[in-house]
Amino acid sequence: MQVPNSSGTAPPRLKAPLNACDCHMHIYDGARFPPSRPGARMTENAGVAEYRRFQKRIGTSRVVVVQPAANHTDNTVTLDALAQLGAQARGIAVVHPTVTDAELKSMAAQGIRGIRFTQFDPKTAATTIDMIEPLAKRVAPLGLHVQIHWRADQIVSGADLLQRLPGTLVFDHLGRLPQSTGTRDPALGVLRRLLDKGNSWIKLSGAYMMSGPPRYPDAAPIAQAYIAAAPERVVWGSDWPHPTEGDTLKPDDAALFDLLSDWAPDEKTRNKILVENPAALYGFPK
């Protein structure tokens, strides 16, 4: 099956278990929800209808929709996607400290389960680091978690902040450890200490950001380190429609899904990653 923003057509070799969840993807709908920031990068053919084709190809049924950077703090595109996708969907919003408690509660009622701070590139970031702690203190009592998208060096320099944040923390894309250092990077030590603390989770996503197809070998030891440290607090995400990759460089999503066979050869562990852990983190029925 051909899926927009994905290369290849074959299904994955790995069969997705019942209620498998894709815990990191984005919906773009420029016609109905244009970018909030002038010149922001939009991805075409990346709406709910196209994502449902992705689900048919890969075999996942649950999904976590992450607010796209192009729409800044206007979360209507994500909330609209949650309404279309129904009870099998949850969402991650992007907000500023000006958000009211009533707005946060309303978003939670519509399926939002966390707020994201994407500060990998400060020039295009919708939020700033000084916003994280005040907002974390506000959302934790509401049952919302904080999702962090930082570079490895930012994780190291921000270790004290991360240690004192209340509530649950979720880290994107394997912690964005660089290919040049991999498991030797000091950021892995910071993330391991946070995992040991018991309130942090890692998304096994974005392997192509640090390695090359088809087996993405540099990502494997990093993913395996997280799985070994906290198999009950790792989840998998596709990052469809792969907004960081050019139109001619989109990865094969079946190959990305099949990486779980290498990273977690044990079926029981894979079921945790794909079903049990997402249910616990995002509040899906068990």
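For this structure, a couple of remarks:
- Taking other Cβ atoms within 10 Å as a rough exposure proxy, His242, His96 sort from fewest to most as His96, His242.
- Most mobile of Ala254, Ala16, Ala83 in a GNM of the chain (Cα contacts under 10 Å): Ala83
- Three-way shape label, region 175-286, alpha-carbon gyration tensor, a/c 1.5: oblate
- Annotation: amide H-H contacts under 5 Å for Phe117 (H modelled 1.01 Å from N, sequence separation of 5 or more, or interchain): Gln147, Ile148, His149.
- Nearest-20 debye value, the chain charge dipole, Cβ charges on Lys, Arg, Asp, Glu: 520
- Between Gln224, Gln84, Gln147, the GNM of the chain built on Cα springs shorter than 10 angstrom shows Gln84 fluctuating the most.
- Global geometry of region 21-120, whether rounded, prolate or oblate, following the gyration tensor of its Cα atoms and the 1.5 cut on a/c: oblate
- Alpha-carbon centroid distance for the pair region 224-244 / region 168-191, whole angstrom: 12
- The alpha carbon gyration tensor of the chain gives principal lengths a ≥ b ≥ c with a/c below 1.5, which makes the shape rounded.
Readers should treat all values here as calculations from the given coordinates under stated rules, not as data from a laboratory. Computed from a prediction, not measured in an experiment: that's the story for all the values here. Using ideal geometry, Cβ is built from the backbone for each residue, glycine included, and neighbour counts are taken over all protein chains shown.
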